Amino acid sequence: MKLYVLALTLPLLTACMSMKNVKELPPELVYQPPVSGATATIMGKMEPRHTALVGDRIAYIIDIDGKRVPKERKEVYSDTWDNVYPLTTGDHTVTVTYRMAGHYTKPTKLTFNAEASKNYQLDFVTDIGTAWLSKDSYADIWIKDKATGQPVTEVVRTTPPPAPRTISYPIIINNR
């Protein structure tokens, strides 16, 4: 009987656990591109994986001027690395981070002055996922002018968050 109940409830529990907690942000918290005037653009960067065992190295934008970038139904923000975001000219602060497979860094803020008709892109150097036993200790991230390759911000070092605490719970099995 126990096996029968387990067989019936397992698909239900699996479906509940796999459902994403999807919450829509209010429109005032989502980045809205400029509708007129002189603009520039910015986007993230991806370096393809070098073996099948590791993921792509991705630097991506989380928010622009304190407003979240839209995900357009994509599941994670790193999937938006190739989205091109129009910007007004002038000073902007973007929050960026880096991800490679299950490794990631803390979000970092970069401030720069966007000039009309310029295209900007994130760039990075990292030891995360670069070697089999790499220390996975940092990602240096900056914004560059896409046409010239010249940096327009300082290089900011970001690190992985501290390792999560290990929490264990006893499992009690009642064998009656």
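Structure data summary
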{"item": "Counted charge near Asn119, where neighbours are those whose Cβ lies closer than 15 Å (Asp, Glu -1; Lys, Arg +1)", "result": "0"}
{"item": "Virtual spin-label span in nm between Thr159 and Ala101, 7 Å along Cα→Cβ", "result": "2.2"}
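Each reported figure results from applying straightforward, stated rules to the coordinates on display, with no laboratory input. Here the structure is a predicted model, which means the values were calculated and not measured. We place every Cβ from the backbone using ideal geometry, glycine too, and count neighbours over all the protein chains shown.
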